[in-house]
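Let me begin by presenting the structure, written as structure tokens, before commenting on it.
Values in this text are rule-based calculations from the coordinates and carry no lab data. Note that this is a predicted model, so its numbers are computed, not measured. Because the Cβ atoms are built from the backbone with ideal geometry, glycine has one as well, and the counts that use them run over all protein chains shown.
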Ligand SMILES: NC(=O)c1ccc[n+]([C@@H]2O[C@H](COP(=O)([O-])OP(=O)(O)OC[C@H]3O[C@@H](n4cnc5c(N)ncnc54)[C@H](O)[C@@H]3O)[C@@H](O)[C@H]2O)c1
């Protein structure tokens, strides 16, 4: 069957996979190939057990895989035949050399772009889908100039704003699509071509076009603002606990102000996920690089507050359990960085579990989607934990339950039954403020939340 256009993604992760799946679903006349160097990942995309868990994703993949959606490790073939190539590779925080611990590591971007420069024989539009530092397009352009076939490349920035756990919903109904490009004739033509793909399902007034640098920086700015709201409400949660105010009530009263808005004001053990911390640190690094120390310090504080919040929660558990966790069993409900995902990158659960195990607690960890292999990888170096699929078994004989992910299943458990199987006094520490503390107290629990009045 002939296709009107061929596109591909280099990178088949949490972004490359779902974004391309939705394009393929919405544009049946476009051939979409999702490629990766990781054979195991591609095999999983071609199997019944997809490597990414997102509500609604499985059904779409099973329906259109093989129609106009393909997963492959043959990156060169995909590059050669594609009109548009989306760079969706990982851009983690650099762990070595200059900028270690802050700067974005662009080695995966560079190797993907070098591959394109080497094998491309026709003109192409290269789309930055990964989150990258502002002015990365300049570097990409330089590398692509080494192509010996005389190909013309247009580089576009098209950052992804979807959130894990709601990726399909976000991709189908985005708040906006952002496309940055050169303001030349060919640049504008490339912007139009990409825009027309999204126009299959996104209203035109939601497609914002900008210059390359604004678009590249917008993604870092958006994540910095989102993370800052969480750190702001979490900073207030500490004050709430000291004063008897309730952080959820504060969120309602300030969120009612239309200038503030009600979203992203849920206090918790802190933000996680692969992006917020890395993008904030990247922003801090850029500010330092451009000699703006006050601006760098301002954004760095958002990260500092997040680290503080995680350890503050661990300390609450230690303090309330009589300053001694040695040998005590603690049931850990949730390990993913938020509900409806199997992703554990930067999950607060890692820090908190490590804190508790350093105090020699014996953990029993239960998460509906995170695999035991992932938990073992994340808690490498520790042995005082077990993994359970049944929360009632995890809590059997435990001194405390700590809720670290807001999965629906943990809201709806029979806490009376849990209480009966536990050591007394039995504690609940709700790091996501999802259970009714008053009700738990009536059952006999000592119950604590984040930013919640301590029962007197
Ligand atoms: N995860 C999110 O929620 C999210 C949201 C918006 C933006 N982003 C950004 O999108 C980018 C990708 O994130 P992700 O979560 O999908 O990462 P990921 O680690 O899940 O996936 C990246 C994939 O790229 C592959 N890869 C690396 N180098 C390659 C190469 N040279 N050729 C082929 N494949 C290669 C890796 O094997 C991996 O499978 C990052 O820049 C991230 O900041 C992520």
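Shown is the FRET efficiency for residue 208 and residue 245, computed with R0 = 60 Å from the Cβ-Cβ distance and rounded to the nearest 0.05: 0.95. All distinct Cα pairs of the range 1-79 go into the 1/r average, and the inverse of that average, the Kirkwood radius, is 12.2 Å.
Principal-axis analysis of the Cα atoms of the chain puts helix 107-119 at an angle of about 20° to the longest axis. With N as its number of residues, the range 5-202 has a Cα radius of gyration that, divided by 2.2 N^0.38 Å, comes to 0.98. Restricting the calculation to alpha carbons of the chain gives Rg and Dmax of 23.7, 76 angstrom. Approximating the spin labels as points 7 Å out from Cα along Cα→Cβ, the residue 442-to-residue 118 distance works out to 6.7 nm.
Fully extending the segment from residue 291 to residue 318 would add 5.6 nm, taking 0.36 nm per residue of separation and subtracting the current Cα-Cα distance. Overall, the anisotropy analysis places the range 305-448 in the rounded class: the square-rooted eigenvalues a ≥ b ≥ c of its C-alpha gyration tensor yield a/c less than 1.5. What do you get for the angle between helix 185-198 and the principal long axis of the chain? Use alpha-carbon atoms, 0 to 90 degrees, nearest ten. That helix lies at roughly 50 degrees to the long axis. Once the chain from residue 413 to residue 138 is taken as fully extended at 0.36 nm per residue, the excess over their C-alpha distance is 93.7 nm.
Relative contact order of the chain: 12 percent, from C-alpha pairs under 8 Å at least 6 residues apart in sequence. So the label point goes 7 Å from the Cα of residue 393 along Cα→C-beta, right? Which residues of the range 308-345 then have their backbone N under 20 Å from it? Answer for the range 308-345: 329-336.
The Cα atoms of the range 85-208 give a gyration tensor whose axes a ≥ b ≥ c have a/c of 1.5 or more with a/b no greater than b/c, which makes the shape oblate.
Using the Cβ-Cβ distance between residue 193 and residue 67 with R0 set to 35 Å, the FRET efficiency works out to roughly 0.95.
Length gained on full extension, residue 49 to residue 358: 107.8 nm, using 0.36 nm per residue less the C-alpha separation.
The angle separating the long axis of helix 293-320 from the principal Cα axis of greatest extent in the chain is about 30 degrees.
Between the range 245-313 and the range 379-412, the alpha-carbon centres lie 27 Å apart. Annotation: the residues 415, 308, sorted from fewest to most other C-beta atoms within 10 Å of their own C-beta, follow the order 308, 415.
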